[in-house]
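The values are calculated or read from the model by the stated rules, or taken from the named source; none is laboratory data. Just so we're clear, the structure is a prediction, and the values are computed from it rather than from any experiment. Don't worry about glycine lacking a Cβ; one is built from the backbone with ideal geometry, like all the others, and counts go over all protein chains shown.
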Amino acid sequence: MKRIKVLIADDETIVRRGLKMAVDWSAYNMEVVADVPNGERGWEEFVQHEPEVVITDIVMPVVNGIEFVKKIKQHAPKTKVLLLSCHRDFEYAQEGIKLGVSGYLLKTSFHDEELDQYLRAFQKELMIHREAEGIEQQKFLFYEDFFQWLCGFQNQFQEVLVDLFRNEWKWMNDGYYACFIRSESRLHLILQDIDQKIPNPHVKILCGKEQCFLFLNENYKEMMEQMFMDVKSTYEELYWITSGELFSIEQWIDSVKSMKQFAELEIKYKVTINNWPKTIKEAILYTMNHLSEPIVVSEVAEMVGLSRSHFSMLFKKIIGESFHSFTERRKLELAMQMLQTTSLTIQEVAEHIGISNSKYFSKWFKKCTGTTPSEYREKQCGTLYKTN
């Protein structure tokens, strides 16, 4: 297990050496990564090592302990800081408390038990924090793998899916319902309501900021539908589509992909997709599943059994735009989704919508949106994804 890094700052060499040598740091899963004589050196070492625990004297030359702590808390507010001082003046302690320090010890009178209590408390809090960060990171990676897989990328997601069906999602083998939910501003409230009203087991998989897949026991389908109807009656901006009853991984995969495609089309065109002519529905679903390949209108028309001219006329009449325009728009929307929700490189995003040259892709993207792919990603995600 990764050790907790500790930095010691004190202008008295004997104090630094004493703390470093006398304390059994390994007992707390800790290691001293640096010991320094003042706050200036302390800050240099802090930036280099990023310790999670800092033990510092208050009165030191060049930069004192209080100024050192101010910098630490501005840079990394969750750092555990323990103040040392020869002074009994509680003004030091009060100032430290205002800065958010975790404790205060008198060098001349503290007992080993006091330091032990602090170090054990730090160890417990930091390990809980690490576990929470690890869980969040795992969720983030899972969501990213899921979204990439949903967009058609070959990755390890289906292997993960098999493992889930054998373990955490084993209950799905006895029957489950799948649901795709979209709400531009109330999704988090809807998901909170689901957690409160629908007992476990159920699974939520976020897909961007406004969309989520929900999988639940068949016994709660009617309850879920009623919840959505209640929300819809007072707040119109809610869309959902269900699929089930399902029993297998294969059905899970088919339902997720088809629900996502149908939902995107129905939301975009404000129609029920089943009302479209079969030829148009087949053409659109084929297009959405082959965006990484060259799509030729004459070949699609032949596939659905129509001449090119008849197909083009019918498509524009039903959809309201040309087939070429629809394909370009869908590619752009998919590229924007991938830039916003994955860490794929610009080249990989380009290839996934059938463009092999990243420079051409960037030029096309800017023509369509007014910004380059990198600028769009930066605006949407900040520095979360910085890829070329």
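Quick one: LEU105 ticks every box in (1) closer than 19 Å to VAL6 by Cα; (2) in contact (Cβ under 8 Å) with a residue 24 or more places away in the chain; (3) not in a helix (DSSP H, G or I) except a single one, so which number is it?
Tallying (1) closer than 19 Å to VAL6 by Cα; (2) in contact (Cβ under 8 Å) with a residue 24 or more places away in the chain; (3) not in a helix (DSSP H, G or I), LEU105 fails exactly one: (2).
Taking the criterion of being farther than 22 Å from ALA121 by Cα and either part of a helix (DSSP H, G or I) or of a type in the set (Val, Ile, Thr) (or both), would at least one residue in segment 18-31 satisfy it?
Checked segment 18-31: no residue is farther than 22 Å from ALA121 by Cα and either part of a helix (DSSP H, G or I) or of a type in the set (Val, Ile, Thr) (or both).
What pairs can you find where one residue is in segment 341-354 and within 25 Å of CYS212 (Cα to Cα) and hydroxyl-bearing (Ser, Thr, Tyr), the other is at pLDDT 90 or above and buried (at least 17 other Cβ atoms within 10 Å of the Cβ), and their Cβ atoms are less than 9 Å apart, with a gap of 6+ or different chains?
Here the result reads THR342/VAL349; THR345/SER358, each pair linking segment 341-354 to a residue that is at pLDDT 90 or above and buried (at least 17 other Cβ atoms within 10 Å of the Cβ).
What pairs come out if I take residues in segment 194-206 that are of a type in the set (D, E, K, R) and pair them with residues that are part of a helix (DSSP H, G or I) whose C-beta lies under 8 Å away, six or more apart or interchain?
LYS197/MET223; LYS197/MET227; LYS204/LEU191; LYS204/ILE194
Is it the case that PHE311 is under 18 Å from GLN148 (Cβ atoms) and either assigned by TED's automatic domain parsing to the domain that holds CYS179 or without any contact (Cβ under 8 Å) to a residue 60 or more places away in the chain (or both)?
In short, no.
Considering only segment 44-82, state which residues are assigned to a loop (DSSP other than H, G, I, E, B), within 31 Å of the chain's Cα centre (by Cα) and not charged (D, E, K, R).
PRO51, ALA76, PRO77, THR79
I need the full set of residues from segment 63-75 which are over 11 Å from ALA9 (Cβ atoms) and either in contact with a helix residue (DSSP H, G or I) (Cβ under 8 Å, 6 or more places away or on another chain) or aromatic (Phe, Trp, Tyr) (or both), in order please.
ILE66, GLU67, LYS70, LYS71, LYS73, HIS75
From the list ILE4, ILE66, pick out the single residue that is surrounded by 14 or more Cβ atoms within 10 Å (Cβ to Cβ) and over 30 Å from GLU131 (Cβ atoms).
When all the criteria are applied, what remains is ILE66.
Determine, yes or no, whether MET259 is buried (at least 16 other Cβ atoms within 10 Å of the Cβ), in contact (Cβ under 8 Å) with a residue 60 or more places away in the chain and under 27 Å from the mean Cα position of the chain (by Cα).
In short, yes.
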